[in-house]
2 protein chains.
Amino acid sequence: MSVTVPQGFRAAGVAAGLKAGGAADVALVVNDGPDAAVAGVFTANRVKAAPVLWTQQVVHGGAVRAVVLNSGGANACTGPAGFQDTHATAEHVAAALAAADPALDLGAGEVAVCSTGLIGERLPMTALLAGVDDAVRTLSPAGGAPAAEAIMTTDTRPKTTVTQGAGWTVGGMAKGAGMLAPALATMLCVVTTDAVADSETLTAALREACRVTFDRIDSDGCMSTNDTVLLLASGASGVTPAPGELAAAVTAACHDLAQQLIADAEGATKQIAIEVLGAASEDDAVEVGRAVARNNLVKTALFGNDPNWGRILAAVGTTAAAFEPDSIDVAVNGVWVCRDGAAAEDRSKVDLTGRDVTIRIDLRSGTAAATVWTNDLSHAYVHENSAYSS
Amino acid sequence: MSVTVPQGFRAAGVAAGLKAGGAADVALVVNDGPDAAVAGVFTANRVKAAPVLWTQQVVHGGAVRAVVLNSGGANACTGPAGFQDTHATAEHVAAALAAADPALDLGAGEVAVCSTGLIGERLPMTALLAGVDDAVRTLSPAGGAPAAEAIMTTDTRPKTTVTQGAGWTVGGMAKGAGMLAPALATMLCVVTTDAVADSETLTAALREACRVTFDRIDSDGCMSTNDTVLLLASGASGVTPAPGELAAAVTAACHDLAQQLIADAEGATKQIAIEVLGAASEDDAVEVGRAVARNNLVKTALFGNDPNWGRILAAVGTTAAAFEPDSIDVAVNGVWVCRDGAAAEDRSKVDLTGRDVTIRIDLRSGTAAATVWTNDLSHAYVHENSAYSS
């Protein structure tokens, strides 16, 4: 059900022919209100897709009544014509919704647009707009599931989440399987709530949530042109939660979705949590976690069930974090294979046969900590990304 | 012949049993003078192997008469005991050389030590020191080739070079096949010359050479704990070249070796030159080149013969370099698949069937340029690095 569990939301997912295989590829999420509050977080990549440039403006306007999302094409690096396509899509959504339900009476400036797929090619607009009409016709409070399916690209399964508050609810859907990196990923995520909250409160909640969830997953170190996380509030529950409560629920929803993204990352055979302890600051801990998460030699070693802690130390050594090389401890799945920067417990004691791997790095330089999640680098990753071009 | 082409040098390469397969694993290079001038460049990794910490001190002393190098173990992350092992190796080399030729009369402080192989394990000192004795016995002016073989790890072939000056010569050898990254790599490199030059002149020449050669190759974005480049001058030619001439010859030697390293990088099927033009500064050009060189999605696409320029733009967008996203041009093997940040010439015109790939990125923001070299990310890389633990 995902985004339609909270009251006041309808959704749809339809096949418009953007994907070669005929799978669903256009999703629509409509906020029926009474509120239309919104917050957004976008890719830090300076090469931003047209829908990102558009939706940043829409979110800045402070009200979003609909989100249209398509897979089958990123509409990135498509120049002014690509931006026109995004604009035309938003206008078409607004007009189709208004025609279907005159009470909605929304403008294109209240329609967010998200796209995902191959970079550098124009979208087939005739097919896309026909898909929008189809989505408008099939909008329903049960449409969360098909919407979550329609945004999938190389994802093997849809990602949805629900978190209950006291009289209000948070729901969400996300896609993303490659190009997952801090400051987001090739990921699109829509989180909805029927809580009453203004855009400022939503923005604070979403930024805090992203900081400790999506910003701490790193599949392949690559940053996308299209990453978008939207948080929409309908106010339909009539309940106004305390800002801290709302932020906690949004964080829980984002954490759940982020873990599903990493679990389904392209070609992954291991789901790896890098817990950095004893850091002088949280920033240091995150920097160390990311350096290890991005290290191809660490990732290939874990693919091969090799607890190669030397490669972990070599990755830590590339950071500016506070630590002394002869005062670092490293545990892999609970076995402290490295103490004082040198070999300690027998590495043959490390059991890496399971899917979950925990690397614990104690920098022994303070009390701050952070966890970064990643996956291994496998043959399947190479295959999928050397063959993937659609 | 490598390091022994210049006059005044002898070398040896022997099998000491450090490698499981019985291949040569200990190399020795001796500078018979009359000079013992030296320059060194070392890994920027803060986790430095014991031999790096030792050799930095030796080079700081200003005179190096011998370099002992071993494969089969990095002696990194081995604690104080590992540093003792390095120290003992240098003392043993000095004593053995003095015993063989009392005229040499050198101290351990004039012996550089380099190690490469698995991180985190102590070296088998009995075998290593016996190998040193064997190397001292077999030192010869024809020993450059066996020395170059003895430092190989996953290298498939030795890397050597010779550059002729006017009455003087530069020779060199290097190893390195994985963990190749800017600020050096899991690479060891010894460059020799019979030119007359003091350590200051050598240091200036070596820094300039590394800046535009080893610092601009990036195989897998991983930075090693052991990288060492040494430049030794015997003065045996009696010729004192102009500093610029010497620097040019050393740069030519380092360029040749760097290209051999990238050509033999683990699992590589493509040798990729990323030429960045139109940059506001050389630093910008290098930053952009490295971002593209490290991008796993670009590297897997090229492995799959896919001229996926969208991934190239996404990588450029992660940098802080001066550029406008709608004013970038990209050519792959001469075909301008992207102009003004959008699709241009037909990507099907790009021929990627050969081994050499040239990516040209015009940032259209200035007149500076730089080239970074890398390779693709292949199944063989994943295989080699998930299986390699020795």
What number of residues within the stretch B:320-349 are surrounded by fewer than 21 Cβ atoms within 10 Å (Cβ to Cβ), of a type outside the set (Asp, Glu) and more than 7 Å from chain A (Cβ to nearest Cβ)?
-> 12
Would the stretch A:295-318 turn up any residue that is farther than 19 Å from residue A:216 by Cβ, in a helix (DSSP H, G or I) and either away from chain B (no Cβ under 12 Å) or under 21 Å from the mean Cα position of the chain (by Cα) (or both)?
-> no
Regarding residue B:282, is this residue more than 7 Å from chain A (Cβ to nearest Cβ), surrounded by fewer than 24 Cβ atoms within 10 Å (Cβ to Cβ) and touching a residue at least 60 places away in the same chain (Cβ under 8 Å)?
-> yes
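Got a sec? Which of B:101, B:105, B:133 is without any contact (Cβ under 8 Å) to a residue 12 or more places away in the chain and within 21 Å of residue B:4 (Cβ to Cβ)?
Details: B:105 fails: within 21 Å of residue B:4 (Cβ to Cβ); B:133 fails: without any contact (Cβ under 8 Å) to a residue 12 or more places away in the chain.
Checking each option against the conditions leaves just B:101.
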Those residues of the stretch B:137-153 that are buried (at least 24 other Cβ atoms within 10 Å of the Cβ), assigned to a helix (DSSP H, G or I) and of a type in the set (A, V, I, L, M) come to a total of 3
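Based on what the data block shows, is residue B:275 of a type in the set (Asp, Glu), more than 14 Å from chain A (Cβ to nearest Cβ) and within 26 Å of residue B:211 (Cα to Cα)? First the steps, then the outcome.
Working: of a type in the set (Asp, Glu): yes; more than 14 Å from chain A (Cβ to nearest Cβ): yes; within 26 Å of residue B:211 (Cα to Cα): yes.
Yes; evaluated as a whole, the condition is true for this residue.
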From the list B:251, B:201, which one is among the polar types (S, T, N, Q), within 22 Å of residue B:61 (Cα to Cα) and assigned to a helix (DSSP H, G or I)?
-> B:201
Across the stretch B:272-290, what is the total count of residues that are in a helix (DSSP H, G or I), of a type in the set (A, V, I, L, M) and at pLDDT 95 or above?
-> 2
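For the stretch A:106-136, name all the residues that are under 17 Å from the mean Cα position of the chain (by Cα) and in a loop (DSSP other than H, G, I, E, B). Before the answer, list the steps.
We begin by selecting, within the stretch A:106-136, every residue under 17 Å from the mean Cα position of the chain (by Cα); these are A:112-117.
Once the filter is applied, which keeps residues that are under 17 Å from the mean Cα position of the chain (by Cα) and in a loop (DSSP other than H, G, I, E, B), the stretch A:106-136 yields only A:117.
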State whether the residues of the stretch A:154-166 include one that is of a type in the set (S, T, N, Q) and either more than 27 Å from residue A:253 (Cβ to Cβ) or assigned to a loop (DSSP other than H, G, I, E, B) (or both).
-> yes
Yes/no for residue B:269 being at pLDDT below 95, at the interface with another protein chain (Cβ under 9 Å from one of its Cβ atoms) and over 25 Å from residue B:41 (Cα atoms) | no
Do we have any residue at all in the stretch B:277-288 that's closer than 30 Å to residue B:162 by Cβ and of a type in the set (D, E, K, R)?
-> yes
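The values are calculated or read from the model by the stated rules, or taken from the named source; none is laboratory data. Since the structure is predicted, the reported quantities are computational estimates derived from the model, not experimental observations. Because the Cβ atoms are built from the backbone with ideal geometry, glycine has one as well, and the counts that use them run over all protein chains shown.
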